[in-house]
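Following: one structure in structure tokens, then a few remarks.
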Amino acid sequence: MIRSTLFLLAIITFLSTISCVKEECVTTYTFRSYEPVFKTVAEINKDIVFIEDRALENPGKFFYYQNLILINERGSGVHIIDNSNLNAPKKLGFIAIEGNEDISLSDHYIYADTWQNILVIDIADYRNPTVVDIINGVKDEIWEVDRGLFLVAYEESTETLSVSCEEYNGPVFFINNRLMVDVNFGPESAFSGSQNLDANSGGQGQAGSLTRMALFNDHFYYINNHTMHVFDVQKLDQPDKLNEVFMEWGIETIFPYEDKLFIGANNGMHIFDNSVPSDPKYLSTFAHANACDPVVVQGDLAYVTLRNGNDCQNFTNELNVVDVSDILKPQLLASFPMHNPHGLSVRDNILYLCEADEGLKIFDISEPEEIHKNQIGQIPDYFAFDVISVSSGLLLMIGEDGFYQFNTVNNSDPKLLSSIKVGE
């Protein structure tokens, strides 16, 4: 009897265990993790430092000016590169700048943002960079989470976790103060783009189409999430504040073109008359669904890439061609599905478009409504997020694994000239 009872209890325990196992739900997901970054006042206001040799680690935006190239090390500073020999670019050094993301260069003055402000840095002697002015009051305020401790950014990484069904409450949630975003919800954060020197630089260089700053025709423009700040920079070392132009929330990028400013926002493209550079005036808006949206312009057409991204809560990957011949009524001319478009650059009848892990694609745009049928070349095997067409024969590209230069005399068969890879 006792043996029968023990056997029965064993069976019940076994079946209960099986039942628990069957009911337990665990799934493995890959997330982008965003760890909050906190800085003290002393760290935020840390002096810039020149470093003789620092490897490229986490390349961000880049800027081309004559024979110099600046490559932003995300949140850390700027690499200065001598590009007088296209086949062997030479790293001159690195300027450590806390919180740096955006950069511009004219003559020998770098404009570089920090966590709190914008620095004007004289690099005439690049080994001894000197801050000659500080532009305050233009960046969005950072949060003071404790006395003297500020939340300045979120550090992105990727990790794979096994999460129970009870814990998984959707594609975006928090674990131990970290923001977790399912990679299937939106693969990239908002970053990319480049500009066309002939179109928008005023001879002062080429920046990214997701830049928040622009040096153009003796003026400096900086946008935060809702305001455009305008400076006279006839004296580059002494920017003079002229104006503030208030806009709706969600402003992301600025692209000067001729006497217009094309402003990228998370819900559309705003166009401003810049015929009086000190006083830009709103003209019109081309609206689209929430998206990360690099913009470049040539002639009567604007090219806008929309991609799914966590910052924009959008699920669209496409290239929009917008007719801006009637500047007061921009109209969608054509839209083409894409893989995951990032930065872009246009020159003559050629569009260079970064497509993340599919590399860079090259299109003939002489028939703008048939672009999807006219891909003439591709640079595969790179994760490309930014590109600058310097001339009809020179293309600069940056991605997760480094900086590259290509000979594009034959756009159907670009030839690699040189590179600076991550770790070098």
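Give me the lysines in straight-line cross-link reach of K46: C-alpha distance below 19 Å, same-chain residues under 8 apart excluded.
K139
List the residues, sorted by chain then number, that are 5 or more residues from S76 or on another chain and whose placed amide H is less than 5 Å from its amide H.
Here G99, N100 satisfy the definition.
Once both labels are modelled 7 Å past Cα along the beta-carbon direction, what's the I134-S275 spacing in nm?
So the label points at I134 and S275 sit 4.1 nm apart.
How much net charge surrounds E57 when only other residues with a Cβ under 12 Å from its Cβ are counted (Lys, Arg +1; Asp, Glu -1)? Mind dumping the intermediate values first?
On the way: positive: R54, R74, K421; negative: E73, E400, D401, E424.
Value of the local net charge: -1.
Treat each spin label as a single point 7 Å out from the Cα along the C-beta direction, and report the N45 to N410 distance in nm.
5.9 nm
With 32 Å as the limit, write out which pairs from K241/K361; K61/K415; K61/K281; K91/K260 have Cα-Cα distances beyond it, or answer none.
Working: K241/K361 40 Å; K61/K415 23 Å; K61/K281 28 Å; K91/K260 35 Å.
Those over the limit are K241/K361; K91/K260.
In the neighborhood of S275, defined by Cβ-to-Cβ distances under 14 Å, what is the net charge if each Lys or Arg adds +1 and each Asp or Glu adds -1?
Numbers: positive: K260, K281; negative: E258, D259, D273, D279.
Neighbourhood net charge equals -2.
Read-outs: derived from the displayed coordinates by stated rules, not from any lab. This structure is a prediction, so every number in the text was calculated from the model and none was measured. Ideal geometry is used to build each Cβ from the backbone, glycine not excepted, and the neighbour counts take in all protein chains shown.
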